[in-house]
Structures are given as C-alpha cells and as structure tokens.
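Here the structure comes first, spelled out in structure tokens, and everything after it is commentary.
The values are calculated or read from the model by the stated rules, or taken from the named source; none is laboratory data. Every value quoted in this text rests on a predicted model; they were computed, and no experiment measured them. Positions of Cβ are generated from backbone atoms using ideal geometry, with glycine treated the same way; all protein chains shown enter the neighbour counts. The area values use the complete protein model at the heavy-atom level, side chains included, leaving out ligands, DNA and RNA. Shrake-Rupley method; radii C 1.70, N 1.55, O 1.52, S 1.80 Å.
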Amino acid sequence: MAQHQFQTEVSRLLHLIIHSLYSNREIFLRELVSNASDALDKLKYLTVADEGYKSIIFEPRIDLSFNRDAKTLTVEDNGIGMNEADLIESLGTIARSGTRLFLEKLQDDVKRDSNLIGQFGVGFYSAFMAADKIEVISRKAGEGETWKWVSDGKENFEIEAAGPGEALKDSQGSRVILHLTDEGLEYANRWSIEDIIKRYSNHVAFPIYLTYDEKEYDDKGKEKGSVTKTDRINSGTALWRRAKSELKEEDYHEFYKQLGHDTDEPLHYIHTKAEGTLEYSTLFYIPKKAPFDMYNVDYKPGVKLYVKRVFITDDDKELIPTWLRFVRGIIDSEDLPLNVSREILQQNKILINIKNASVKKLLAEFKTLADTAASGSDAAKEKWETFISQYNRPLKEGLYQDFANRELIQELIRFKSSTQEGRTGFSEYAARMKSDQKYIYYITGGDEKTLRASPLLEAYTAKGIEVLIMDDEIDDIVIPSLGRYQKQSGDTSQEWELKAINRSGADEELGDKPDKTAEKEIQPVIEKIKKALGDRVKEVKLSRRLQDSPSCIVADANDPSIQMAQLLKAMGQTEVPDTKPILEVNGEHPLVAGLKHTEDEERIADVAGVLLDQALLVEGLKLKDPADFVKRLNRLLAP
Ligand code: ADP
Ligand code: MG
C-alpha cells in the first residue's frame, strides 16, 4: 500500500468543500455520473477509432446502488478506467492552472455554491460533500491490474492493488464507493437518487441503472421479504440528434444542467440541424450567469465536439471563437472522420465551415433577442437585459477579433448614455440624432460617475446632444479601432464617424463660431498659463466646450487618452509613451479671466497649476504632486 499526499491546492479545495459548501450539495451525484459518462465516451471513441480496442465487447452503462445499513452509495461504469498513475494524477492533483483564482472565488462566494466545482472541472472532489471516505476501484481498458484508491479527503490518499472480492463487473471501468456522512445518508434512497438523476442527468447518452431492494408483502399486507430490482432511470439519448418537434423546453433545460454543470436553467438555447452539403447538429446554450472563469486565460471551453454521436473532445478552445466562450453546447458532425486528429482540428475545412455557420446563427439569434426586447414583453426585455449585462464585454472583444462579423456585432453591443437611462446601442442613438448632427459622440474613462461629471460633457448637454458614456476598460481599445458605425437597412447604408469628446479638436465640431475679439483678448492669458505650466502640458487652448468649469484636459488626436496611458502603466506596460495633456481653459470663467490684469508670477503659477490639477482630478486621474496642488489652492483661497 502506498500513501500519497494531495497536492496543496487539492487539500485546500477539499477543506473548503467539507467545511463551507452548503447549497446544491446534491450536485456531487451529477458530477460522478458526468465522470462516468466521460469515461464511457472515451472508451467508445477508442473502440471505433483504434484498432487495438476494436475487439473489446463494450456495452456502455452506469450503475448506481446504495446500502443504507453500510451507509454507502456506489457509482459504477464500464468506461476507460484508470491505472495507478492515472489515479495519482487525476484524483490527487488539479491540473488546470488558474486554480488559485478558482479557490479564491469559491472562498468569496457568499452563496457558497457548489456549482462552481463542476464548472471548473474538479467535480470528483465534490463527493466529499456527502462522504467522509471514498474508495475508487478501477481498471484501465486493455490493462491487467485493478487498483484501489482510498481517501478520507484530508491530507492523504492511498493506492493499492484491489482485492479478489473487489472485482469490477466488466474487464474495465471504475467503481466509486461513497461512505456517506450522516447528512449524506439522505441521498441513500431510491427517490432521492431518481429525482437527482432526472433533474441533472436524464439526458446522459448512456443508460443509467439503479439497483434497489423492494419489500414484498403477502395478500394480507404483511411483509414477507424483499427482492432486488434494477431499473433504468434516465431517458438517455443524444438529445441534440432528435427532432425539435419531439422535444419540449423542459428536455432542453434538463440536458443543459448536466452539460453546463449548472443548477439554474439556461437563459436561451439554439438547436440547429443542417442537412445539405454539410450534415451536422448543433445545440447551443447561453447560461444566465457568465461562467466564473470567463475572464481567465485558462478558461474551460464550453463546447464539445462529437462525430456521429461519438465524443471527440471538450477541451478545444477553437470550436467556438474566444469572444463567444460563454456559449455552452455541442457540435456533432456527420462528415468528419472519427479518427480525426485532435491536433489538426483547427485546420479542418469541415469544422471551419460548421464553426462559421454557428457564429452566424448565434449572432442572428442574439439580434432576435434584442429586437424582441425592443418591441416585446417585459419577459423579453428582462431576457435581453440579462444577456447584455453578462455578455456585453466579450461581444465587444469580438469587434476587433472578428472582422467578418463586425457589422452584426456592432448592432448588439450596448453603452450608457448622457441622455438615456439604462443601456443603448448605436442604432438607437442614430435614430435619436439631431438632423444636422454629423457624428456619434462618446467619452471613455474609468468610471461612470466621473464621466458623467466631466466638464467635457457640458457643451454637449447644453446643446442637447447625446454622448455615449463608455466606462468599460475595453471600450478604450475597441471603439477607436471601430472608427465608425455603419447602418444597413435594406439596400441603403448610412454611416457615422465615432468621435471621442476627450480629444483635442472635438469641440470645433460643435459648430459654434469662435468669437475673434474674445479670442484675441484672452490670448495673453493663454500665453501666461502656458509659460507657467511649461512642459507639464502639450498645449494650452481656449475651449469652446466648457460652460461652467474653468478648465478641462483632452488628449491630442493621435495620442492614447490619458486614462488609457494610466491604465496601461497600471497593467505593467513600461513602453507607454508619456503623453501630455492639452489643457483647455474657459475664457469666461473668473479664475481665468482674472489673469488678464495680473503680472504677479507667483499668482499666475498658482492659478495655472490649480487649473491643470483640478482638470486632472475631475477626470479621475492621479496627481503627480498632490502637496503642490494643496499648497497652491490654499494660497489662492487666502484673502
Ligand atoms: P473533470 O471531470 O472536469 O476532468 P473531475 O474532478 O470530475 O474533473 O475528474 C478528474 C479526473 O478524474 C477526470 O478528468 C478523469 O480523468 C478522472 N476520473 C474521474 N472519474 C472517473 C471515472 N469514473 N472513470 C475514469 N476516469 C475518471
Ligand atoms: Mg468531472
């Protein structure tokens, strides 16, 4: 017998599982069944694609049983199985990177929701929510030895050769025996098991059987013993291959729960059957809540590939574009060869075609969600709101990752607005535009409140011009690269340039004629401020966009915005050029106009410094020398 220590992360995870996961405990059964189903999928693939396995007699099945007296619950499959090394690797470590993030997430999760476990791919360990000891007896297909893994879910696990009394039903497979805790005992009865399987695993594509004892009674109603029965408890067909007309919403929802490792229903599903040059079925789901690892580079892909119902892979990020990584589902092709190499899948023409068609289908469906919400019921509105609140950001990534679909994606993304409540899109903005308005205006920056209070907005608000408030980090990268919005309606197409209002020159488009005399009069003041600020600014200009505020800063038309530069630095980029702001001043503000009549250099320097620093502050930026600002401000305030 060999003792092994769990990898540190596993110990931490197990500790969390045992001590702090409360809700949805029953999902452990879904996870064990899902592992059994994966193991069957893997062997099924080998028996059709690999000569070495073709002779195996394989009737895939999953068997559940329980014993209330012994307090055990058993899940057995005749799938691929594990040898000693597999047991150590699979049930002793967490191979995925990003584990730390996951553990933190689990720790912070107020609901202590066990659901995350399956999403992250550490479902096996969830069995310790119901058991204080687990045995796994396993034999790998084609190998001679049967192994036993045992653990109490604390620090260690043991592995030894299985005893003669522990033989598996078939020549390969795994038996997982849970020694239930007192709370876990509630799952050791026929009704709970059937109920959980119906809820989460009804559509697992292999038969699931439950073995149980049933008491027998004589004709006087007296107990006379019991018989052991075995019933199939799932409906188990490849749901995605069935006709839509045969399926009910419930069927789709049930199937999703196993597939998406979710306890909640999906927000939306899209089932497609293509018959033509290419023959395939796809079934896609949009979860109500974004997968927790959506912003993790090591996210777990959500789409599985099947060929003629045989599972090929669930770990290929290329099956769906990264910007659609929140989609869960299945692609099943009739045309791919079964022994398609997983390595070269990406270059496979058939798969590329299916993928492109799937993206188009999904985008069309999203558009329908948006359109239905615009004219439809409260439920439709709520559905769209949920969708966009979860997935706006990945869709924006699509804008610069997927040129071919730009026009479709730009109709979906949403922004806040200076004149509207909630979120709005380009097309709605365009419909509200003033007849003489040439551009779609937007302002980007770190947070909504600061942006709404920005002096840069004043003139637009005064003129009743709508400005899109872009407070999502990604907007700063995506929107400038988009450049313009093109609206296609029928054969006609209209186009508007997108203009950032925190750019130098944006104010000139507001259409006001500059007052030449006023400009001339204020010129000496501009010169004084410029001299006082020296190389802290790129330029000082008279502003046409300020109403109440004395000053504001803008970026030069080709520089990255100042917010962007600070963000890049904060993200550890060292090559960010030191962009200097352009300071715009309001000639009518007393603080500025007051400088006309003074030659006191200290006072000019104080006013100039305060004009610049307050403009930086109001944009939510950090001052390089806050003490200097405070000193100057105090001098100005003193009578
Ligand atoms: P995931 O299923 O997402 O990989 P799990 O924690 O559920 O994560 O399982 C870990 C690994 O243990 C699986 O990837 C698989 O290699 C192995 N495993 C678990 N159960 C079985 C089983 N019944 N048969 C074969 N391998 C299994
Ligand atoms: Mg699993």
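Yes or no: Pro301 in a loop (DSSP other than H, G, I, E, B) and more than 27 Å from Asp472 (Cα to Cα)?
no
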Can you tell me which of Ile270, Ile286, Ile233 is over 20 Å from Leu324 (Cα atoms), modelled with pLDDT of 95 or more and surrounded by 15 or more Cβ atoms within 10 Å (Cβ to Cβ)?
Ile233
So if I check each of Ser114, Ser138, which one is open to solvent by less than 60 Å² (accessible area, probe 1.4 Å), near ligand 1 (Cβ under 9 Å from one of its atoms) and closer than 17 Å to Val33 by Cβ?
Ser138
Looking at Ser126, Ser151, Ser171, which one is on the phi < 0 side of the Ramachandran plot, within 15 Å of ligand 2 (Cβ to nearest atom) and either in the same structural domain as Phe206 (by TED's automatic domain parsing) or at pLDDT 95 or above (or both)?
Ser126
Looking at segment 405-464, which of its residues are acidic (Asp, Glu) and either over 33 Å from the mean Cα position of the chain (by Cα) or open to solvent by less than 10 Å² (accessible area, probe 1.4 Å) (or both)?
Asp436, Glu458
Tell me which residues, restricted to segment 327-339, are in contact with a strand residue (DSSP E or B) (Cβ under 8 Å, 6 or more places away or on another chain) and either under 20 Å from Arg242 (Cα atoms) or open to solvent by 10 Å² or more (accessible area, probe 1.4 Å) (or both).
Arg328, Gly329, Ile330, Ile331, Asp332, Ser333, Glu334, Asp335, Leu336, Pro337, Leu338
Tell me the residue from Ile344, Ile330, Ile350, Ile354 that is out of contact with any helix residue (DSSP H, G or I) (no Cβ under 8 Å at 6 or more places or on another chain) and at pLDDT 95 or above, please.
Ile354
So if I check each of Leu395, Leu324, Leu351, which one is assigned by TED's automatic domain parsing to the domain that holds Leu259, open to solvent by less than 20 Å² (accessible area, probe 1.4 Å) and within 19 Å of the chain's Cα centre (by Cα)?
Leu324
